[in-house]
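*Asks:* Right, I'll just put the structure down here and ask away after.
A short reminder: the numbers here are calculations on the coordinates, not readings from a lab. Quantities reported herein were computed from a predicted structural model and do not represent experimental measurements. Glycine gets a Cβ as well: all are built from the backbone with ideal geometry, and neighbour counts include every protein chain shown.
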Amino acid sequence: MNILISGAGIAGLACALELGTRGHDVTVVEYGRHLRLTGTPIDIRGDAIETADRMGLLAKIQEQRLRMSELTQFVDSRGEPVARIPMAEISDSDDDIELLREDLVRILADALPDTAAIRFGDSIETLTDRGVDGGGVDVRFASGRTGRYDLVLGADGQHSAVRRLVFGPEEDCLRHLGVYLALADLPGEARSEGANSIYNVPRRMAGVFRYKGRAVAVFQFRSEPIDYDHRDLDAQKKILIDAFAGHRSWRIPELLDAARADPGFFLTPASQIHLPSWHRGRVVLVGDAGYSPAYLSGRGTSLALTGARFLAEELERCGDDHTAAFARYEARQRPYVDFAQDRVHSGRDRMLPTTWAAIAARNKALQALGTTPDGPQQTTR
Ligand SMILES: Cc1cc2nc3c(=O)[nH]c(=O)nc-3n(C[C@H](O)[C@H](O)[C@H](O)COP(=O)(O)OP(=O)(O)OC[C@H]3O[C@@H](n4cnc5c(N)ncnc54)[C@H](O)[C@@H]3O)c2cc1C
């Protein structure tokens, strides 16, 4: 089949690999001018590990494995460690793999067969499904090109254009979880050693994470939904700075300065996508576009991988009957999505307690779990 995929993120590349290696003719359109490589480490968990293995990528993924969360500790205002991340609670198993998003994007892109090509700097503008007997979907691109495809996959992330065009406006399916995440580069700290730190004030966290010669300031804060222009970097920086206004303890002022200075600053809400069905006619959604579980779940990448595999396997099984294949894909993937989307609240409450008393109680509970960090508390035994 002649298949168009919107988005060259994890889901789009995984679909291109799975479908291309099964002999389909695949075009990926990515509106970025190149692969988008930013992002903090992501996780591959559970059956997504087996999926990566079936794709022939597991060894390469293992080579890039990080252990960032294990090296992360909560600190007090003097920077003294007070508790560790409870790995046993946030992991599915010891087999979970943490790696840089950019490493996974590169591994997937390098594995693409000749039957799959990526077109950068373009995006779908209109889609017209000619119906069951109409022979395909007519597409007009922002570049002015046109094309007809047997199937169109929306793998274009949380703000999917394909979803908007075929399934309706974002606000109908987006569920805001009341939290924002912001990331800023810390070039001055890239080479320094030490554990990753998270510091809390009520409803907010600021942290420093280091990996592979990079250091990143990480912020999260609780907030009602904020209306802003996704392309206006200064407006996004202002949202972060306003959220931390008046907070000067630990390293907060210095980390906010880094955010002000970073041209690659990144702000995103924690939000989920809930849709009763991920397919309509010859169009189907994969990954965050159809079922974002929010970064708080740590499972968005795993869902993108299993989704790509189930979709490709079911298209292979059902031959030309894409309607049956889409239904079977959805039946296999839905339990994974429900599981991931249900598991965001404990992560949010642990990371962003709402009062000083709740912060102290969280630390005490983590210490009781045996997650006492390295540092002064351990040396006083
Ligand atoms: C730049 C970036 C940084 C990220 N950082 C993190 C992080 O730090 N932590 C975390 O947990 N998750 C992060 N994510 C999200 C994470 O990658 C996904 O939740 C998960 O991997 C599922 O992947 P996905 O392919 O469904 O979506 P994504 O990885 O978001 O990929 C979607 C792709 O579609 C492209 N796209 C969007 N709109 C269009 C359009 N109209 N036309 C064509 N292409 C389009 C995007 O440029 C992107 O390449 C990030 C995503 C991106 C794009």
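*Asks:* Tell me which of HIS230, LEU104, GLY7 sits at the most positive position along the dipole axis of the chain, charges placed on C-beta atoms (Lys, Arg +1; Asp, Glu -1).
*Replies:* With unit charges placed on the Cβ atoms, the residue in question is HIS230.
*Asks:* What nm value, rounded to one decimal, do you get for the distance between ASP150 and ARG119 when each label is placed 7 Å out toward the C-beta?
*Replies:* About 1.9 nm separates the two model spin labels.
*Asks:* Enumerate the residues in the range 263-293 having an amide nitrogen under 18 Å from the point lying 7 Å beyond the Cα of GLU170 toward its Cβ.
*Replies:* Only 265-275, 285-293 pass the distance filter.
*Asks:* Follow-up question, since we're still on this one. Considering the options ALA325, SER302, GLY347, tell which one lies farthest towards the positive end of the dipole of the range 302-349, charges being +1 on Lys and Arg and -1 on Asp and Glu at the Cβ, about the Cα centre.
*Replies:* GLY347
*Asks:* Also: Step through the residues of the range 59-64 one at a time and calculate ³J(HN,Hα) from phi using the Karplus curve (6.51 cos²θ - 1.76 cosθ + 1.60, θ = phi - 60°), rounding each to whole Hz and writing x for Gly and Pro.
*Replies:* Here the 3J(HN,Hα) series is 4, 5, 5, 4, 4, 9 Hz.
*Asks:* Can you work out the FRET efficiency for the pair ARG33 and GLU193, with r the C-beta to C-beta distance and R0 = 51 Å, to the nearest 0.05? Please list the in-between numbers first.
*Replies:* On the way: r = 35 Å, r/R0 = 0.69.
Computed FRET efficiency for ARG33 and GLU193: 0.90.
*Asks:* Quick query: amide H of GLY157 versus all other amide H atoms, modeled in the peptide plane; which residues come in under 5 Å with a sequence gap of 5 or more or a different chain?
*Replies:* ASP288, ALA289
*Asks:* Counting Lys and Arg as +1 and Asp and Glu as -1, each charge on the Cβ, what is the dipole of the chain about the Cα centre in debye, to the nearest 20?
*Replies:* For the chain, the charge dipole is close to 900 debye.
*Asks:* A further question on this structure: Measuring from label point to label point, each 7 Å out along Cα→Cβ, what is the THR354 to THR128 span in nm?
*Replies:* It works out to 5.2 nm between the two label points.
*Asks:* Here is a follow-up. Within the range 210-247, which residues have the backbone N less than 18 Å from the label spot 7 Å out from ASP76 along Cα→beta-carbon, could you tell me?
*Replies:* In the range 210-247, the label zone of ASP76 (backbone N under 18 Å from the point 7 Å along Cα→Cβ) covers no residue.
*Asks:* Let's test the formula: R0 of 22 Å, r as the Cβ-Cβ distance of ARG54 and ASP342. What FRET efficiency results, to the nearest 0.05?
*Replies:* Calculated value: 0.25.
*Asks:* If the cut-off is 19 Å between C-alpha atoms, which lysines fall inside it for LYS60, apart from same-chain ones fewer than 8 positions away?
*Replies:* Once the sequence-local lysines are set aside, what remains near LYS60 is LYS212.
*Asks:* What percent antiparallel are the DSSP beta bridges of the chain, to the nearest 5?
*Replies:* 70 percent
*Asks:* Excluding residues fewer than 8 places away in the same chain, name every one of the aspartates and glutamates whose C-alpha is closer than 16 Å to that of LYS237.
*Replies:* Within the straight-line cut-off, LYS237 pairs with ASP185, ASP227, ASP229, GLU254, ASP257, ASP262.
*Asks:* Using only the Cα atoms of the range 229-364, each taken as one equal point scatterer with no solvent, compute I(q) by the Debye sum, divide by I(0), and report log10 of the ratio at q = 0.15, 0.19, 0.21 Å⁻¹.
*Replies:* Evaluating at q = 0.15, 0.19, 0.21 Å⁻¹ gives log10 I(q)/I(0) of -0.87, -1.08, -1.18.
*Asks:* Relative to the compact globular guide of 2.2 N^0.38 Å, what is the alpha carbon radius of gyration of the chain, as a ratio?
*Replies:* 1.02
*Asks:* Between the alpha-carbon centers of the range 241-304 and the range 47-113, tell me the distance in whole angstrom.
*Replies:* The two parts, judged by their Cα centres, are 18 Å apart.
*Asks:* Students often check this: by mean Cβ neighbours within 10 Å, which of 65-78, 155-168, 207-220 ranks highest, and how do the rest follow?
*Replies:* So the order, starting with the most tightly packed, is 155-168, 207-220, 65-78.
*Asks:* While we're looking at this one, here's another question. For the range 75-200, list log₁₀ I(q)/I(0) at each q in 0.11 Å⁻¹, using the Debye formula over Cα point scatterers of equal strength and ignoring solvent, two decimals each.
*Replies:* Result of the Debye calculation: -0.74.
*Asks:* Could you tally the net charge around TYR336, taking each other residue with its Cβ under 9 Å from the Cβ of TYR336, Lys/Arg +1 and Asp/Glu -1?
*Replies:* +1
*Asks:* Considering the options GLY131, TYR31, VAL75, tell which one lies farthest towards the positive end of the dipole of the range 1-138, charges being +1 on Lys and Arg and -1 on Asp and Glu at the Cβ, about the Cα centre.
*Replies:* Sorting the options by dipole projection puts first TYR31.
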